[in-house]
Amino acid sequence: MFFFYITLICVFKQLFAIDLFIYNSFTELRENKHGQGTLTYSFKNDAYVNIISGSISWIGTPFIRQELFSTSSSLKGAKVIVKESSACGCTTIKATIIDPTSMLLQNEDTQSYFYTDPYSIQYVSTPLNDNGYQLKIIFSNKNEAYSGTLSYLTTGITWAPNYDLFLTDGAKWTFDAYVNIKNAQQGQYNVNNTYLIGGNVQLASSIPLVSIFTAPLMKTAMDSSSQSSSNVQLDTEQQGLYSYSFHNDYTLQGLSTIRMPFVNIHPTYKFYYEASSSIETGQYQGVFMRMYDLTPDSFMPAGVLTIRQNGTLLGQANLPDIPSNYTQTISLGQNNDIRYVVNGNMTSSILSNNIVTMQTFYLIISITNYQDKAIQAKLQLYGAIQTILNSSTCQSAMINGNYLIIVANLASGQKQQCTAKVTLKYT
């Protein structure tokens, strides 16, 4: 008998456990269903409001009709007790529900009609949790068994990774990846298999995502290690979508978040200071930004990166999806101890039909390190459609596209000053 109960529990779990296919902003829930006659499936209100319209689907035994309707009508005629609006709230009214949608009630004693707050009602003959939606799938042969997978899309469950980069003053550093699964619904789910999909997926009702501009830059390889171990594994890649999975049974509680180690990603990184301005007449100055070039060895799903050094939080950045071996540039705010000053003098200008077509500038560039440690600083000065470097006393001066690039390696308290003569062509 004991073995029978254990077997029954296992069968019950298999029948009612679901598979989650979690994307960045929505989830597909799949549940295997077996039975005979008409398939019925109930949705509570809080779960139904998150379902994406038209996404409920059945794959399996052919059906002739699929019906979805509100069960709130079952509350019509229900006997209830309502607390009367008064200072003490100590008196009650016996009433009958006339319209469950608007909560129009009829007082049994006075036969008058009134509206009330649904949270002020005590149900006598009908439980509150009957309020929701019901799905019916009617098959061609009502006497035969049916089998298949019921699925639908919901916005109530999402996932996102987060990454921790721990730095020290030495060469040792660690990089850890975690996955966060969030259930914003009140209902819980008994989950059998979980699949996490990384990449951009468009739905019919989706708003196109704004792409984040990035540029491939140099990378510096360093020794790294990971402190986390994970049951999550990379399964497949299909047209830029990466599928990760783990197959542990668990209960996803309502209004909860689950965090666990993600797959091991081994990136390389490079740190430097960078500032950007444009070539113009007059004196202009600014401070340098803290910059990181991060290059993963495998696809890195979009998430939040947190960087700490010697226990100090340096900042966070929202990362887009990063391909394998692609360098993503991250800015973590400015460092007021690293500054630049540029004095620009226009030495010549050429006009054509009263339109400036070319100008030449003489620049005096100063970069100062007020920190107590050595740094590398990169100053980018935007020119024009065509930027030409005529001469320079800056050892590292170069043209990269439309920019004049100056790289300074400065010791503690050091100041570098140099000059550059550039010609800007606007047509």
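Picking from residues in the range 129-163 that are open to solvent by 50 Å² or more (accessible area, probe 1.4 Å) and of a type in the set (Ser, Thr, Tyr), the one that is farthest from Ala302 (Cα to Cα) is Ser140.
Among residues of the range 305-321 that are closer than 29 Å to Asn200 by Cβ, those with a Cβ under 8 angstrom from a residue that is open to solvent by 70 Å² or more (accessible area, probe 1.4 Å) and at pLDDT below 95, sequence gap 6+ or separate chain, pair up as Pro320/Ser211; Pro320/Ile212; Asp321/Asn200. Has the range 349-361 got any residue that is within 20 Å of Gln285 (Cα to Cα), modelled with pLDDT of 95 or more and aliphatic (A, V, I, L, M)? No, there is no match, as no residue in the range 349-361 is within 20 Å of Gln285 (Cα to Cα), modelled with pLDDT of 95 or more and aliphatic (A, V, I, L, M). For the range 323-354, the set of residues classified as of a type in the set (A, V, I, L, M), in contact (Cβ under 8 Å) with a residue 12 or more places away in the chain and more than 16 Å from Lys270 (Cα to Cα) consists of Ile338, Val341, Val342, Met346, listed by residue number. Does at least one position in the range 44-56 carry a residue that is outside any loop (DSSP other than H, G, I, E, B), at pLDDT 90 or above and over 24 Å from Gln188 (Cβ atoms)? Within the range 44-56, none of the residues are outside any loop (DSSP other than H, G, I, E, B), at pLDDT 90 or above and over 24 Å from Gln188 (Cβ atoms).
Among the residues of the range 360-383, those that are of a type in the set (S, T, N, Q) and surrounded by fewer than 21 Cβ atoms within 10 Å (Cβ to Cβ) comprise Thr360, Ser366, Thr368, Gln371, Gln376, Gln380.
So which residues in the range 146-198 are part of a loop (DSSP other than H, G, I, E, B), free of Cβ contacts under 8 Å to residues at least 60 places away in the same chain and either charged (D, E, K, R) or touching a Phe, Trp or Tyr at 6+ places or on another chain (Cβ under 8 Å) (or both)? Matches in the range 146-198: Lys172 only.
Yes or no, residue by residue, for (1) surrounded by 16 or more Cβ atoms within 10 Å (Cβ to Cβ); (2) modelled with pLDDT under 85; (3) in a strand (DSSP E or B):
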| position | (1), (2), (3) |
| --- | --- |
| Trp58 | yes, no, yes |
| Arg65 | no, no, yes |
| Phe69 | no, no, yes |
| Val80 | yes, no, yes |
| Ser85 | no, yes, no |
| Gly89 | no, yes, no |
| Lys94 | no, no, yes |
| Leu105 | yes, no, yes |
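Of the strands (runs of 3 or more DSSP E) contained entirely in the range 255-366, those carrying at least 3 residues that are closer than 23 Å to Gly170 by Cβ fall at 268-278, 282-295, 303-309, 312-319, 328-352.
Please give the number of the condition Thr101 fails out of (1) touching a strand residue (DSSP E or B) at 6+ places or on another chain (Cβ under 8 Å); (2) not in a strand (DSSP E or B). Every listed condition holds for Thr101 apart from (1). Scanning the range 174-188 for residues that are buried (at least 17 other Cβ atoms within 10 Å of the Cβ) and either among the aliphatic types (A, V, I, L, M) or modelled with pLDDT under 95 (or both) yields a count of 4.
The values are calculated or read from the model by the stated rules, or taken from the named source; none is laboratory data. Everything quoted here is computed from the prediction, not taken from an experiment. When we count neighbours, we look across all protein chains shown, and the Cβ atoms used for this are built from the backbone with ideal geometry, even at glycine. Remember, those area values only see protein heavy atoms, side chains included, never the ligands or the DNA or RNA. Shrake-Rupley method; radii C 1.70, N 1.55, O 1.52, S 1.80 Å.
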